[in-house]
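Here's the structure, in structure tokens; my notes come after.
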Amino acid sequence: MKIAFFDAKDYDIPSFTRCGKEAGIEFKFYETKLDEDTVKLSKGFDGVCVFVNDTVNAAVVDKLYDYGVRVIALRCAGYNNVDLKRCFGKIHVVHVPAYSPYAVAEHTMAMLLTSVRRIHKAYDRTRDFNFSLSGLMGFDLHGKTVGVVGTGKIGHIFIDICKGFGMRVVAYDKYPSGEGEIEYVSLDRLFETSDIISLHCPLTEETHHLIGKEALGKMKKGVIILNTSRGALIDAEALIDAIKQRIVGAACLDVYEEESDIFFRDFSGHIVEDDVLARLISMPNVIVTSHQAFLTEEALTNIAETTVKNLITFRDGEVPENELCYNCGRVEDCRKQRRGKCF
Ligand code: NAI
């Protein structure tokens, strides 16, 4: 089985090469992302392996199908960049539903602590032998209210971490689970009462710009916003306005709506064209990491092992446990539920 691997990074190659070799799968690593211009590189391959910022829209799906590609293996959990409906009846899509929810939840808390205790500022200062504490005052997380949007795998773990810090947790989920142990409230109530808001829901049409001007207007003055989920959950320009108006006290962003041409690449020594991102980064109370929350040894091993397992299952004509279909989640009329296959 030959797989074209797009957007390959040096940290991907060892684990995928090792797992692929053991399973008889040959990966061809391309540094470039998959999009309408690069899709031709997948000619002659059985499948493609893609990540969060590859473009798998209708035009790309049609081309992949023409080239004989029959499986798209996402090496991530989110699949908002794939036109699943277009894939239906043509190409099977598999993903890695969980590789290390702990990695993302722990990174979220790391960003929160860094922000609240000004660790990033202190680190810079002491390296310059500046031991002044002026401007470094933080606050206790203990006793503060954190509002968690999305209580799936990552949200649940983040909630447990917050509870360990003695924080009060309120949550909103479209499909709540774990009632009894989690205090669910309406989204408006969450916005109004939380000192810290953390996003752990997927990006869908419904959640696009979930945090926009209206939502920001309902929030407590000084609220801290954490986003390690997907950039477009936040309207970044509205966020900048709210920071300037001192509504938002701090923002910690591991994702950004327009990240696809910027994140995972080295632009030091270049002029970054994106004024919104540049403005955010210029603010002392904004911390940006470049979609790094997943990046732990454990997660990379799990990603490679699960992706290879998905591909082997598909190659052997079985239904991969992690196959996606465009109507996933709607149990009654999902063909996968009835026939064991997406199509
Ligand atoms: P999950 O599927 O276990 O949980 C998502 C939760 O969001 C579910 O409980 C679901 O009911 C809820 N949800 C769905 N629609 C909603 C809505 N409209 N409003 C509120 N809640 C809604 O997913 P998991 O593994 O916890 O991942 C969460 C997100 O984290 C992913 O969608 C992905 O975008 C992001 N992620 C980011 C990574 C990073 O490196 N920064 C790595 C992995 C995931």
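The values are calculated or read from the model by the stated rules, or taken from the named source; none is laboratory data. Note that the structure is a prediction, hence the values are computed from the model and not measured. Ideal geometry is used to build each Cβ from the backbone, glycine not excepted, and the neighbour counts take in all protein chains shown. Each accessible area value is taken on the protein alone, full model and side chains, heavy atoms only, with ligands, DNA and RNA left out. Shrake-Rupley method; radii C 1.70, N 1.55, O 1.52, S 1.80 Å.
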Quick calc, the chain, dipole around Cα centre from Cβ unit charges on Lys, Arg (+) and Asp, Glu (-), nearest 20 debye, gives 400
Percent relative contact order for the stretch 14-84, counting Cα pairs under 8 Å at least six residues apart, stands at 31
Whole-Å distance linking the alpha carbon centroid of the stretch 1-52 with that of the stretch 121-146 is 43
Taking the convex hull of the alpha-carbon atoms of the chain and averaging its shadow over every direction gives an area in square nanometres of 18.9
Dimensionless Rg/Rh of the stretch 29-185, both radii on Cα and Rh by Kirkwood, sits at 1.15
Treating only Lys and Arg (+1) and Asp and Glu (-1) as charged, each at its beta carbon, one finds that the stretch 101-288 has a dipole about its Cα centre, in Debye to the nearest 20, of 880
For the chain, longest principal axis from Cα atoms; helix 297-315 axis from its Cα atoms; angle between them, nearest 10 degrees, is 30
In nanometres, the difference between 0.36 nm per residue of separation and the alpha-carbon distance of Lys221 and Ala23 is 65.9 nm
Scoring the stretch 40-144 by relative contact order with C-alpha pairs under 8 Å, at least six apart, yields a percentage of 21
Rounded to two decimals, the Rg over Rh value of the stretch 1-67 from Cα coordinates and the Kirkwood Rh reads 0.97
Residue separation between Glu183 and Lys40 times 0.36 nm, minus their alpha-carbon distance, gives in nm 46.5 nm
Probe 1.4 Å, all chains present, heavy atoms only: Tyr99 accessible area in Å², nearest 10, is 40
Asserting the computed 222 nm helical MRE of the chain (DSSP H runs at least 4 long, -39500 (n - 2.57) per run, divided by residue count, to nearest 500) equals -9500 deg cm²/dmol
log10 I(q)/I(0) for the stretch 101-288, Debye formula on C-alpha points only (no solvent), q = 0.10, 0.12, 0.18 Å⁻¹, two decimals, reads -0.40, -0.57, -1.28
Cross-link reach from Lys33 to lysines, straight Cα distance under 25 Å and at least 8 residues apart if same chain, gives Lys2, Lys9, Lys21, Lys43, Lys63, Lys85, Lys90, Lys309
